[in-house]
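Trainee: This is the structure I have questions about; it appears just below.
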Amino acid sequence: MIEVGMEGKSESVVTEGNTAKTVGSGSLEVFATPMMVALMENAAINAINLPEDQTSVGTYLDVNHLAATPVGMKVRAIARVVEVKERLIVYYIEAFDEKEKIGEGKHERFIVNHEKFMLKANAKLIR
């Protein structure tokens, strides 16, 4: 059962491979916004436990990237469930480096049946 207050975490280290310059979201060698968002989404996934036939998919993100993080620093994200409406889960998400908060926002995920979801997605390939 998913309840308000459940939390998940995710951690990483800023490397050359996850900088804005490398992933194409900017020209500087600092932690890329898309990589921060991925870390936050991973924390949200880690906040809940679902049956094997279910998964959650991201449906909404509203994120502020507040501060730059250089290569070599550790970064971590925390996602806290703030609302549950049937299959919709709403999170407050935050990211930090070793010195300060670097991001925050709202994230929503929707619980789906894995097999049904993939059948619908793959149906786009059929002409």
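Trainee: Return a yes/no flag: does the stretch 26-38 have any residue that is over 26 Å from residue 80 (Cα atoms), without any contact (Cβ under 8 Å) to a residue 40 or more places away in the chain and surrounded by 14 or more Cβ atoms within 10 Å (Cβ to Cβ).
Mentor: Yes - at least one qualifying residue is present in the stretch 26-38.
Trainee: Residue 79 versus (1) at pLDDT below 95; (2) touching a helix residue (DSSP H, G or I) at 6+ places or on another chain (Cβ under 8 Å): which is the lone unmet condition?
Mentor: Only one criterion in (1) at pLDDT below 95; (2) touching a helix residue (DSSP H, G or I) at 6+ places or on another chain (Cβ under 8 Å) is unmet by residue 79, namely (1).
Residues checked against (1) charged (D, E, K, R); (2) under 12 Å from residue 108 (Cα atoms); (3) modelled with pLDDT of 95 or more; (4) more than 17 Å from the chain's Cα centre (by Cα):
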{"residue": "22", "(1), (2), (3), (4)": "no, no, yes, yes"}
{"residue": "45", "(1), (2), (3), (4)": "no, yes, yes, no"}
{"residue": "50", "(1), (2), (3), (4)": "no, no, yes, no"}
{"residue": "67", "(1), (2), (3), (4)": "no, no, yes, yes"}
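Trainee: Here is a follow-up. Restricting to the stretch 17-66, give me the number of residues that are assigned to a helix (DSSP H, G or I) and either charged (D, E, K, R) or at positive phi (or both).
Mentor: Residues meeting the conditions: 2.
Trainee: Among the numbered conditions (1) under 24 Å from residue 118 (Cβ atoms); (2) surrounded by 15 or more Cβ atoms within 10 Å (Cβ to Cβ); (3) free of Cβ contacts under 8 Å to residues at least 40 places away in the same chain, tell me where residue 20 comes up short.
Mentor: The single condition residue 20 does not satisfy is (1).
Trainee: Condition test on residue 111, is it part of a loop (DSSP other than H, G, I, E, B) and either buried (at least 16 other Cβ atoms within 10 Å of the Cβ) or among the aromatic types (Phe, Trp, Tyr) (or both)? Before you say what the answer is, go through the steps one by one.
Mentor: Values: part of a loop (DSSP other than H, G, I, E, B): no; either buried (at least 16 other Cβ atoms within 10 Å of the Cβ) or among the aromatic types (Phe, Trp, Tyr) (or both): yes.
In short, no.
Trainee: Working only within the stretch 82-104, note down all residues that are within 23 Å of residue 28 (Cα to Cα) and either assigned to a strand (DSSP E or B) or in contact with a helix residue (DSSP H, G or I) (Cβ under 7 Å, 6 or more places away or on another chain) (or both).
Mentor: Correct list: 94, 95, 96, 97, 101, 102, 103, 104.
Trainee: Continuing with the same structure: Can you name the residue in the stretch 59-100 that is of a type in the set (Gly, Ala, Ser) and more than 19 Å from residue 1 (Cα to Cα) and is also surrounded by the most Cβ atoms within 10 Å (Cβ to Cβ) among such residues?
Mentor: Result: 95.
The values are calculated or read from the model by the stated rules, or taken from the named source; none is laboratory data. Treat the numbers as computed from the prediction; the structure is a model and nothing was measured. Note that we place each Cβ from the backbone using ideal geometry, even for glycine, and neighbour counts take in every protein chain shown.
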